[in-house]
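Reviewing the structure listed below.
Every number in this text was worked out from the coordinates using simple rules, so none of it is lab data. Treat the numbers as computed from the prediction; the structure is a model and nothing was measured.
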Amino acid sequence: MILGPDNILKERARFAPERSGDVVLFHIDGLPPGRYRVQPMGEGGRSLALRPPFTDLVIDDRKGARADFRVRGSW
């Protein structure tokens, strides 16, 4: 789930994970510039035990952003 821009009370998007071996990737395009909070969710929107539990990213017109999470327990 992505919250923002510039407001953690506004849900911007949800997106489905893509599995690649033991790695799960989340990819989203087309976000307007701003500050976003990213919190990966499990299937059906269930919570995951993550490290870190969320991250804040700043998107601008010149570059994308990347966040890495480690899932503790089952996916």
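Taking P(r) over Cα pairs in 5 Å bins from 0, in percent straight from the coordinates, which label in (i) 3, 15, 26, 27, 17, 9, 3, 0; (ii) 3, 18, 32, 29, 14, 4, 0; (iii) 3, 14, 18, 17, 12, 8, 7, 7, 7, 4, 3, 0 is the correct one? Given (i) 3, 15, 26, 27, 17, 9, 3, 0; (ii) 3, 18, 32, 29, 14, 4, 0; (iii) 3, 14, 18, 17, 12, 8, 7, 7, 7, 4, 3, 0, the calculated one carries the label (i). Taking ARG51, ARG19, ARG37 in turn, the Gaussian network model of the chain (Cα-Cα springs below 10 Å) assigns the largest fluctuation to ARG19.
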